[in-house]
Amino acid sequence: AQIEAAKSMQTAQFLKDMLKGVGPSVALGRDTTMLREIVDKTAERIGTDLKDQPEVEIELRFTLAEVYWDLRLPEKTEVMAREALRLARARFGEENLDVADALGWVGVALHPYPARIDEAEVVIRQAIAMQRKLRGEGSVQEADSLCNLGDLLRFRAHLSKSGEFYSRLAEAETACRECLAIRRKRLGNDSREVASALDRLNVVLENEGKLAEAEGAIREALAIVQRANNGKDDPVSCGLYERLSRTLI
């Protein structure tokens, strides 16, 4: 049993490593048809192949949720996240780290849909509360959920009544700044995760009309990515240039 468990963990890690290239492939506009087929077949099999190893199955479902999100398939992201949530609750109870992370992924999958935005906000806030309780305040996972909450609140601002627009954006800014502070502390100022948080903050600040702050945020994000790339441009830096041009216009 121990040998089989070790093999399953190795298989899961191999798949995770193999699938890390999905996001960049999408950003570069490459054909991901074959990759989608591999991911779909993996998703179909894990419930059977790993039915006696729920910890490995949960971990792999998180990986597949992320891959489906990179492939811009939120419906399949939700399916993976909800099954991971079901397994985590059945295996470990209502309150544990896997449940917290699964709730975070469910919230991510839901928030592109205006009709489901209320549910998405509830789920993401549940994830943040559980992450803080179980990991302590300021975890990387909490930062991820705070950034997602910031995106959601900005989205809500554009769906809200005019009187609520700026209050929603203020909430979104707070969430993005909290995410940024945690990532700076945990990952360092030159991490790509910090650049991503600055990118999200830029959008909120621009929406609020805080253009000087928005410009500063996106320029810092661009500088981080350029240092990481030794001055060379990539799809991420190109996207940041586009954000900068929008802010300056």
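Coupling constants for segment 205-214 follow from the phi torsions by the Karplus curve (6.51 cos²θ - 1.76 cosθ + 1.60, θ = phi - 60°), and in residue order they are 4, 4, 4, 7, x, 8, 5, 5, 5, 4 Hz; glycine and proline get x. Rolling a 1.4 Å probe across all protein chains gives Trp105 an accessible area of roughly 50 Å². Sum up the lysine pairs in the chain that clear both bars: alpha-carbon distance under 24 Å and a spacing of 8 or more or different chains. The result is 15.
For Ala127, neighbours were defined as the other residues whose beta-carbon sits under 12 Å from its Cβ, and their charges (Lys and Arg +1, Asp and Glu -1) total -2. Solvent-accessible area per residue in the chain equals 52 Å², computed with a 1.4 angstrom probe and all protein chains kept. Recomputing Cα Rg over 2.2 N^0.38 Å from the coordinates shown identifies the correct label among [x] 1.06; [y] 1.15; [z] 1.01 as [x].
Just want the answer: with Cβ charges of +1 for Lys and Arg and -1 for Asp and Glu, which residue in Trp69, Gly104, Leu240 is farthest toward the dipole's positive end in the chain? The one lying farthest along the dipole's positive direction is Leu240. The dipole here belongs to segment 46-150: it is taken about the Cα centre, uses +1 on the Cβ of Lys and Arg and -1 on the Cβ of Asp and Glu, and is about 160 debye. With a 1.4 Å probe and all protein chains kept in place, how much accessible area does His158 have, in Å² rounded to the nearest 10? Its heavy atoms expose roughly 110 Å² to the probe.
No disulfide-compatible partner, judged by a Cβ distance under 4.7 Å, exists for the following cysteines of the chain: Cys176, Cys238. Taking the protein heavy atoms of the chain in the context of the full set of protein chains, the accessible area attributed to carbon and sulfur is 52 percent at 1.4 Å. Rounded to whole numbers, the Karplus 3J(HN,Hα) couplings from phi for segment 227-238 are 5, 5, 9, 6, x, 8, 8, 9, x, 5, 5, 4 Hz, using 6.51 cos²θ - 1.76 cosθ + 1.60 with θ = phi - 60°, and x at Gly and Pro. Taken about its Cα centre, the chain carries a charge dipole of about 260 debye when Lys and Arg each add +1 at the Cβ and Asp and Glu each add -1 at the Cβ.
The values are calculated or read from the model by the stated rules, or taken from the named source; none is laboratory data. Computed from a prediction, not measured in an experiment: that's the story for all the values here. Here Cβ is always computed from backbone atoms with ideal geometry, including for glycine, and neighbour counts include all displayed protein chains. Surface accessibility is based on the protein's heavy atoms, side chains included, excluding ligands, DNA and RNA. Shrake-Rupley method; radii C 1.70, N 1.55, O 1.52, S 1.80 Å.
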